[in-house]
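Worksheet for the structure shown next.
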Amino acid sequence: MDQIQQRVEVLLRLFVKCDISLEPESVFTDLEMDSLTYIKFIVEVERALQLDFDPYLLVAGHFPTVGDLTAYLWSKNGEGCATDA
C-alpha cells in the first residue's frame, strides 16, 4: 500500500493549497479543497492509476480521509489499478 499512498500524496500536493503534513488520517475537508477541486483530484487519480471510479464514489465525503482513499485504491490494485504509471 505504500506505493499507492505515495502516489496519492504526490497527486494531492498538486491540489492542496496549503503546505501541511499529509497523513493517512488527514481529512479531505481539512485540506481546504472545495468540491470541484476534490473531483479534479479524483479524476487525476483515475488517470494516473488507470482506474475508473464508480460515479457514486465521486461524491465528496465518500472517502473522508486520505487513508480511506488509499485503502480503496489498494483494494482495487488486483482489479487493474496501475501503481507504476
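The values are calculated or read from the model by the stated rules, or taken from the named source; none is laboratory data. Because the structure is predicted, anything quoted here is derived from the model rather than measured. Note: ideal-geometry Cβ built from the backbone for every residue, glycine included; neighbour counts use all protein chains shown.
If you filter the stretch 1-52 down to residues that are outside any helix (DSSP H, G or I) and among the small types (Gly, Ala, Ser), you find that the one that is farthest from the chain's Cα centre (by Cα) is SER21. Number of residues in the stretch 4-26 that are modelled with pLDDT under 85 and surrounded by fewer than 11 Cβ atoms within 10 Å (Cβ to Cβ) equals 4. Can you pull out every residue in the stretch 68-85 that is at pLDDT 85 or above and touching a helix residue (DSSP H, G or I) at 6+ places or on another chain (Cβ under 8 Å)? Passing the criteria: LEU69, THR70, TYR72, LEU73, TRP74.
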